[in-house]
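Bear in mind these aren't lab numbers, they're just calculated from the coordinates by the rules spelled out. Owing to the predicted nature of the structure, the values given are computational and were not obtained by experimental measurement. Cβ placement follows ideal geometry from the backbone for every residue including glycine, while neighbour counts extend to all protein chains displayed.
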């Protein structure tokens, strides 16, 4: 892959530094890894396994126990003029997953990283799973070294601070809301306007009076449910509590029909 051609905002120097750091960390990881099976294979190891599998396919030779184990898990395939090591496929419909030597990890990973738009570990593993086998720790190590990804993480997100609106006197601030009844107009009325003084919550008493009219016609309900704010409903309850002591108000989430 040509690192001189950049399409993601990184320059050649960044890529070169990242390559050096990645290879150094992978070398340290391989030296410290105690599990030989999961340790990333070198190019020499991959070539040795290819020779073992080709030798095992020779009918004139007897397979060794090592060759039996390798042929159960791996196979070889010619891609162009190169023979590569792949994972054993159960059928021709299975994807061809090439075993990549550790020396080629960086080139494959940076190609995958750019293809996923600087995707994280999970996106890269998903992109790689049906194409190349690269160990999970190597992917995690690569993502941690990406300068652009680290820059995005280091940017502090500004939290939205909700400042309460305070009003000291009557008629300094008011609120108005329109409720749309255009789909079901009533006697030609398509909108309902609610106007409220912010300081005194004046409309609470008006709402209480209108509710009282309904209660006088049909009787008071055992539970009165509302999705309005607690401050507003508290004022309504205060107005009604002297008359209808058995009326219970239940609060639910605003604009959440499922809870109504």
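Taken along the Cα-to-beta-carbon direction at a fixed 7 Å, the label points for residue 181 and residue 77 span 6.8 nm.
The calculated FRET efficiency for residue 91 paired with residue 19, based on their beta-carbon distance and R0 = 51 Å, is about 0.85.
How would the stretch 104-145 be classified by its alpha-carbon gyration tensor: rounded, prolate or oblate, with rounded meaning a/c under 1.5 and the a/b versus b/c comparison settling the rest?
rounded
Packing, as the average of other Cβ atoms within 10 Å across residues, places the peptides 126-135, 182-191, 62-71 in the order 126-135, 62-71, 182-191, highest first.
Here the label points at residue 210 and residue 43, each 7 Å from Cα along the C-beta direction, are separated by 8.0 nm in the simple model.
Place a label point 7 angstrom from the Cα of residue 152 along the Cα-to-Cβ direction, then list the residues of the stretch 88-124 whose backbone nitrogen is under 18 Å away. Correct set: 109-124. Bridges between two residues of the stretch 12-154, per DSSP, are antiparallel at a rate of about 80%. With a Förster radius of 30 Å applied to the C-beta separation of residue 65 and residue 121, the computed FRET efficiency comes to 0.25.
A convex hull fitted to the Cα coordinates of the stretch 12-154 yields 138 cubic angstrom per residue.
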